[in-house]
1. Is it the case that region 66-76 has a residue that's part of a helix (DSSP H, G or I) and either touching a strand residue (DSSP E or B) at 6+ places or on another chain (Cβ under 8 Å) or aromatic (F, W, Y) (or both)?
2. Just to be sure I understand the filter: pairs with C-beta atoms under 9 Å, separated by 6 or more residues or on different chains, first member in region 35-58 and part of a helix (DSSP H, G or I), second member at pLDDT below 80. Which pairs pass?
Amino acid sequence: MTYQSTPSSIAPVPHSEALPVPNPPSNIEMYSSEDSATASENADTDASRHLEFSVYFHVIEDLQRLLMQVLYTFSILRIIKNIVIPLLKMSIELQTS
């Protein structure tokens, strides 16, 4: 297996007695209590933003669906006005003459 020699690559490092595998420290906390409170507030804010976005997204979807129905209805009305009614008038005129 060949690993690229770029600064961003993470390649395995051979370990030996001269270069042992490091032991992680046992007293490190990931977050302090202040950080966890801030993280909790951020999570609440993110959740409310997500909820707002979700509501707006569904409203926009409903408006798009309604607009498509309106456009479809107007298309049918235009077809009736421009094609069906003139054909009916022609048919009536042909029958009366």
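1. Going residue by residue through region 66-76, those that are part of a helix (DSSP H, G or I) are 66-76.
Cutting the leftovers down to either touching a strand residue (DSSP E or B) at 6+ places or on another chain (Cβ under 8 Å) or aromatic (F, W, Y) (or both) gives us 72, 74.
Looking through region 66-76, at least one residue is part of a helix (DSSP H, G or I) and either touching a strand residue (DSSP E or B) at 6+ places or on another chain (Cβ under 8 Å) or aromatic (F, W, Y) (or both).
2. Note: pairs meeting the criteria are D35/E29; S36/M30; T38/Y31; A39/Y31.
The values are calculated or read from the model by the stated rules, or taken from the named source; none is laboratory data. Only a predicted model underlies this, so the values are computations on that prediction, with no experimental measurement involved. Backbone-built Cβ (ideal geometry, glycine too); neighbour counts: all protein chains shown.
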